[in-house]
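Colleague: Take this structure first; my questions come after.
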Amino acid sequence: MLNCFQQAHHDMLPRPTHDEASRQEFAKSLKGFIQSGLLPGLAPVYQTRAARGFEREEGRPPADRRDIRKAMVGDPYFKLYASINRIAQELLWESTNLSVERELPELIERAKALSAASKAQLVIPEGFVPPRYVTALDIHCMPGGYASEVCEDDVSVGVLYDRGVFLYSMGYGGPHNDDMGRSVCNYIKRNRPDFAPRRILDMGCTVGHSTLPYKEYFPEAEVWGIDVGGPCIRYAHARAAALGHEVNFAQMNAEETSFPDGHFDLVVSHILLHETSGKAMPRIFKEAYRLLSPGGLMIHADLPPFDLMDPFTQFILDNETWYNNEPFWGAMRDMDQIALSEAAGFPKGEARFTTAPMAIMEFMGAGYDAEATESVADREFTAGEYAPGGGWEVLIAQKPVDLAAAA
Amino acid sequence: MTEATDRPHVIKDAKGKRPQFYEQPGIDQLMSMVMVLAGEVCMLRDRMDAQERVAKAHGIDLAAGIEALALDEAALQAREAYRQDFLDRLFYLARKEANEAKAEESDESYRATIADIAVN
C-alpha cells in the first residue's frame, strides 16, 4: 500500500501552487524512499563489511553505538544514505518555504483576524528571551528555528513547521498531524475513564498539533499550550481558531512558567524533551510537578530511551544528532527519566514508561483509507522512522492525591 | 497583495554548520544539485500528468492520443534535432576539452597569456 497521505487544509495553511505542491510531495516521497529503499541496506553493509573492518582494525567487534558509528561513518553506502537523508530534510523545508514566502503577508493578516475572533487567550510577553538550546542551532535544520521573526506579527516559522512536519513525518501523524496528542488522549480515556481534568497544560506545544486533541477529548477543560517560540504561539492560536477550537496559547518556558502551584490536573508534552538540554530537562520535570494538583498526571511523549533498543538501532537514531541539527537527541535518550521524575517529587516507583497505542486508525481523509492506516498501525518499529509502529512510548507519573501521606 | 518590494522574506538557510559527507570538495554540492534536478523532473512529470487529466475532464483523451500519435518525417527530424542539441549542451565540457586539445591550450598557456597581457 503506497503512502498517499495528504494533510488536511485549514485557513492558516498556504494554498500551494501545482508546482509547489509537487515539489513538497517529492520531498515526502524521497523520505519514504530513503526508509524503504536505502535504510534497509545499512544492516547488511554493516554486518558484511563495516563491522568486519572495525574488528580488523581494533581487534574486537563493535560494542556500542559509538563503535558502530566509527565503523560506518567512512563507508560509501552510509555516506550516500546520510547525505541523501540530509538533502531530503533540506528539500522539505525549501519546498515548503516557497509557499510561505509567496503568501506570508496574507497569512499574517489571516492569523490576526482569526485570533481576534477567538475568545481564547494569546499571551506574548514583551522582551521574552528564548533559551539557548532552541536558538544555538536551527533544530532539525528548519530555517529560522522556532523563534526567528522576519517582520512584525510574523508567523512564518509556524506555517513552515505545520506543513514541514507533516512532510517530515510522511503523514503518519494523520491529516492534522495530531496523532501523538490523540494517542495520549485515547490512552487516558481508556485507562482512566473517570479522569476529568479541569485545566490541561501542553508544554512545548509548537503550533499546537498535539494540543488540540485535548480540547476535543476534554471539551470542558481549560487547555493551555506554551512554547518559547513567539511566531509558533501566534500561529498556534490562529490555527486553533481556524480549526474551530478555543485553546489558550502563551509564549512561556516550560522550565519556569508563570502559572500558580497546583494549577493543572494534567501536564503533557509531545516530542519536547529531546529538544531541550541536560540542565533544562530536570527543571521541566520539577515545574510539571509544581504545576500539578494533587492526583494530577504528568505525561511526556517522546521517542523511546536508548536502553529500550539494540545498539544498531541506537546508531541509526543517533544520526539525527550528527546530521540533523538535533544536539540533545542522543544525550536525552541516555537520561534516566524515572530518576528525574523522582527527583522532581513524584513518589518512588510512581513514574513508568508505557505505550499509548497510535490513534491513526481513526483518521479518515485523503490517502487515509482503512488499509493504509492499518498498515501504519501494524508495522514494526523501524529505526529512523518518525513514528514507531503500534504506539508511542510515554512516561507517565501521578502526583499523590494525599501529599501529606506521601511525604 | 502588498507591493512585491515591501513583502517580507522568509529565512532560507538553517543555522548550524552543515556536515560534509564526501571528502572531495564539491561532491556534496553536486549531490544536492542532482536531487533538486530530480525533484524538478518529478514536478514536470506531475505537470504533464495534470495536463492529461485536465484535458480528459474536458473530453479530450490526451493520453490515448499520445500513445496513438504516429510521428511523421518532420516530427522525427525535429525530435532528433532536439536530442542532438540537448546532448551537445549536456556534454559541453567534453566539447571544450576536445577543442582545447586541438588548440593545444593548457594551464601554462593561460598563465602565459595573463603575464603577457599585463605588460603588452
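FYI, it's all coordinate maths here, none of it is from the lab. This structure is a prediction, so every number in the text was calculated from the model and none was measured. FYI the Cβ positions are ideal-geometry reconstructions off the backbone, even for glycines, and counts take in every protein chain you see.
Colleague: Quick one: Cα centre-to-centre distance for region A:141-197 and region A:51-93, in angstrom?
Modeller: 31
Colleague: List the residues whose amide H sits under 5 Å from the amide H of A:GLY225, counting only those 5 or more places along or on another chain, with H placed 1.01 Å from N in the peptide plane.
Modeller: Distant-sequence amide H within range of A:GLY225: A:ASP202, A:ASN248, A:PHE249, A:ALA250.
Colleague: Using only DSSP helix segments of four residues or longer, with each worth -39500 (n - 2.57), what per-residue ellipticity at 222 nm results for chain B after dividing by its residue count and rounding to 500?
Modeller: -22000 deg cm²/dmol
Colleague: With unit charges on the beta carbons (Lys and Arg positive, Asp and Glu negative) and the dipole taken about the Cα centre of chain A, which residue among A:VAL165, A:PHE306, A:HIS270 sits farthest to the positive side?
Modeller: Of the options given, the answer is A:PHE306.
Colleague: Mind running the shape call on chain A? Use the C-alpha gyration tensor, a ≥ b ≥ c as the square roots of the eigenvalues: rounded below 1.5 for a/c, prolate if a/b tops b/c, oblate otherwise.
Modeller: Oblate, since a/c reaches 1.5 and b/c is not below a/b.
Colleague: As a footprinting exposure proxy, order A:PHE195, A:PHE166, A:PHE346 by other Cβ within 10 Å, with the fewest listed first.
Modeller: Fewest-to-most Cβ neighbours within 10 Å comes out as A:PHE195, A:PHE346, A:PHE166.
Colleague: Just how far, in whole angstrom, is region A:238-311 from region B:69-120 if you go by their alpha carbon centroids?
Modeller: With region B:69-120 and region A:238-311 each reduced to a Cα centre, they are spaced 62 Å.
Colleague: For the pair A:GLU126 and A:ASN191, what calculated FRET efficiency results from E = 1/(1 + (r/R0)^6), where r is the Cβ-Cβ distance and R0 = 30 Å, to the nearest 0.05?
Modeller: The formula returns an efficiency of 0.10 here.
Colleague: In region A:166-242, what GluC sites (Glu not before Pro) fall in a loop by DSSP, with at most 12 other Cβ atoms inside 10 Å?
Modeller: Hits after loop and neighbour filter: A:GLU220.
Colleague: To the nearest 0.05, what FRET efficiency results for A:GLU109 and A:PHE33 with a Förster distance of 41 Å applied to their C-beta separation?
Modeller: 0.60
Colleague: If you don't mind, there's one more thing I want to ask. From the cross-link list A:LYS286/A:LYS348; A:LYS279/B:LYS17; A:LYS31/A:LYS79; A:LYS79/B:LYS17, which pairs have alpha carbons spaced over 22 Å apart?
Modeller: A:LYS279/B:LYS17
Colleague: Where does the longest stretch of chain A lie that holds no trypsin sites (Lys or Arg not before Pro) found in a DSSP loop with 12 or fewer other Cβ atoms within 10 Å?
Modeller: So the longest stretch without any such site is A:120-278.
Colleague: In nanometres, what is the gap between the two model label sites at B:HIS9 and B:GLU108, each 7 Å from Cα along Cα-to-Cβ?
Modeller: Each label point is offset 7 Å from its Cα along the Cβ direction, giving 4.7 nm.
Colleague: Let me ask something additional. Please give the FRET efficiency for A:LEU2 paired with A:VAL73, using the beta carbon to beta carbon distance and R0 = 41 Å, rounded to the nearest 0.05.
Modeller: The pair A:LEU2/A:VAL73 has a calculated efficiency of 0.80.
Colleague: Need one number: nm distance between label points at A:LEU80 and A:LEU403, each 7 Å from Cα along Cα→Cβ, rounded to one decimal.
Modeller: My value for the distance between the label points is 6.0 nm.
Colleague: Just name one of B:LEU44, B:THR5, B:MET31: the one whose Cα is farthest towards the positive end of the charge dipole of region B:1-73 (beta-carbon charges, Lys/Arg +1, Asp/Glu -1).
Modeller: B:THR5
Colleague: Just to confirm the filter: which GluC sites (Glu not before Pro) across region B:1-62 are DSSP coil and have at most 13 other Cβ within 10 angstrom of their Cβ?
Modeller: Numbers: sites: B:GLU3, B:GLU23, B:GLU40, B:GLU52; in loops: B:GLU3, B:GLU23.
The qualifying sites are B:GLU3, B:GLU23.
Colleague: Give, rounded to the nearest 20 debye, the magnitude of the charge dipole that the protein assembly as shown has about its Cα centre when Lys and Arg contribute +1 at Cβ and Asp and Glu contribute -1 at Cβ.
Modeller: 980
Colleague: With n ≥ 4 as the cut-off for DSSP H runs, can you work out [θ] at 222 nm for chain A, using -39500 (n - 2.57) per run divided by the number of residues, rounded to the nearest 500?
Modeller: -13500 deg cm²/dmol
Colleague: Sticking with this structure for a sec: Calculate one ³J(HN,Hα) per residue across region A:55-72 by plugging θ = phi - 60° into the Karplus curve 6.51 cos²θ - 1.76 cosθ + 1.60, and present them in order as whole Hz with x for glycine and proline.
Modeller: Taking θ as phi minus 60°, the curve returns 5, 4, 7, 9, x, 7, x, x, 9, 9, 5, 5, 4, 5, 4, 4, 5, 8 Hz for region A:55-72.
Colleague: Hey, what do the phi angles of region A:110-115 turn into as Karplus ³J(HN,Hα) couplings, whole Hz, using 6.51/-1.76/1.60 and θ = phi - 60°, x for Gly and Pro?
Modeller: Those phi angles translate into 5, 4, 4, 5, 5, 5 Hz.
Colleague: Which value in nm describes the separation of the simple spin-label points at B:GLU67 and A:ASP334, placed 7 Å from the Cα toward the beta carbon?
Modeller: Result: 5.9 nm between the two label points.
Colleague: Reachable lysines from A:LYS189, Cα under 16 Å, same-chain residues fewer than 8 places away excluded?
Modeller: Within the straight-line cut-off, A:LYS189 pairs with A:LYS215.
Colleague: For a quick check: sort B:SER109, A:SER169, A:SER341 by the number of other beta carbons within 10 angstrom, fewest at the front.
Modeller: Working: B:SER109 12, A:SER169 21, A:SER341 25.
The order, fewest Cβ neighbours first, is B:SER109, A:SER169, A:SER341.
Colleague: For chain B, rounded, prolate or oblate, judged on the Cα gyration tensor with a ≥ b ≥ c (square roots of eigenvalues), a/c < 1.5 rounded, else prolate if a/b > b/c? Write down the numbers at each step before the final one.
Modeller: On the way: a/c = 2.46, a/b = 1.36, b/c = 1.80.
Here chain B falls in the oblate category.
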